[in-house]
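The structure appears right after this line, and notes come after that.
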Amino acid sequence: MPQDLPPLPAAVLWDMDGTLVDTEPYWIGAEYDVVAEHGGQWSDELAHQLVGNPLRVSAQFIIANSPVTLTPDELVDALLARVVARVAEHIPYRPGARELLEELHELGVPCALVTMSWQSLAQAVTATLPPGVFQAVVTGDVVTHGKPHPEPYLAACAALDADPTQCVAIEDSATGVRSAVAAGVPTLAVPHVVAVPDIPGAVHLDSLEGVRAADLMAAFRR
């Protein structure tokens with residue numbers, strides 16, 4: 001690469017819910033619906049505690065804080081079915097996310113989707129994108145340890161044969177940021193539904209709107 005061009009990441013690792021697509025309201029709506037169907041009441045305060053968590057962890061939390069009598073896996077399936085149905089109707093991309101993703105694809109920068117959602121939802125989202133935009137997809141139902149454990153991001157880097165320290169992760173939750181940072185990946189924290197505290201190894205951005213591929217590595221030199 002000519003020296004006058006800014007360096008690009010070896011790969012970009014994207015969280016999905018709340019980072020690439022604005023599906024957190026779909027999840028929260030599904031939680032309200034399922035809890036109400038079992039005679040309980042849900043709240044945004046409780047829902048916000050689940051942002052970024054592995055789905056089984058969230059399901060266990062819902063069961064512990066509501067009259068829901070489903071097993072964790074049954075509850076995950078019930079929530080997923082509702083969110084996948086909403087995604088089939090409309091995929092709300094976060095500001096700037098799709099534009100940055102498409103630019104990275106055009107430049108040949110490998111991208112991975114690293115999400116605690118399960119494969120059914122990840123496939124519903126990626127099916128609407130051009131083939132090859134994501135060269136690896138790591139979902140919550142294929143890892144042993146979910147976020148904030150580093151396994152999801154280490155798995156994505158391994159799938160892309162990329163050095164974690166030369167990649168960039170993009171996350172919207174403290175749980176996700178901690179996962180990426182623990183894997184050694186420089187991380188952009190772009191908070192959405194919940195605040196993200198200052199975490200060493202992460203740089204905060206207000207939005208991806210207007211962010212270009214050339215800005216990603218530069219963000220860590222400020």
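Using only C-alpha atoms and all pairs of different ones, pull out the Kirkwood radius for the range 43-139 in Å with one decimal. Don't skip to the answer; put the middle values down first.
Working: mean 1/r = 0.0663 Å⁻¹.
The Cα-based Kirkwood calculation yields 15.1 Å.
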Cα Rg, Dmax, the range 158-222, angstrom units:
11.4, 32
Hey, could you grab the Kirkwood Rh for the range 32-72? Inverse mean 1/r over distinct alpha carbon pairs, Å, one decimal.
10.2
What are the equivalent ellipsoid semi-axes of the range 78-195, built from the alpha-carbon gyration tensor (square roots of five times its eigenvalues), in whole angstrom, biggest first?
21, 18, 15
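Tell me, rounded to the nearest percent, the portion of alpha carbon pairs in the range 1-74 spaced more than 17 Å apart.
Numbers: 1422 of 2701 pairs.
Result for the distance tail: 53 percent.
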Two-site FRET efficiency, His145 against Ser120, from Cβ-Cβ distance with R₀ of 25 Å, rounded to 0.05
0.75
So, in nm, how far is label Thr71 from label Asp215 when the simple model puts each one 7 Å beyond its Cα toward the Cβ?
4.7
Taking every eigenvalue of the Cα gyration tensor of the chain, multiplying by 5 and rooting it, what semi-axes result, largest first, whole Å?
31, 17, 16
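So, for the chain, what is the accessible surface per residue at a probe of 1.4 Å, expressed in square angstrom? Let's see the in-between values first.
Details: 9910 Å² over 222 residues.
Per residue, the chain has an accessible area of 45 Å².
About the Cα centre of the chain, what is the dipole size in debye to 20, counting +1 per Lys and Arg Cβ and -1 per Asp and Glu Cβ, all else neutral? Write out the running numbers ahead of the final one.
Details: 10 positive and 28 negative charges, 69 e Å.
Charge dipole of the chain: 340 debye, to the nearest 20.
The values are calculated or read from the model by the stated rules, or taken from the named source; none is laboratory data. This structure is a prediction, so every number in the text was calculated from the model and none was measured. In this analysis, Cβ positions are derived from the backbone assuming ideal geometry, glycine residues included, and neighbour counts consider all displayed protein chains. The protein model used for the area step is the full one, side chains on, heavy atoms only, and it has no ligands, DNA or RNA in it. Shrake-Rupley method; radii C 1.70, N 1.55, O 1.52, S 1.80 Å.
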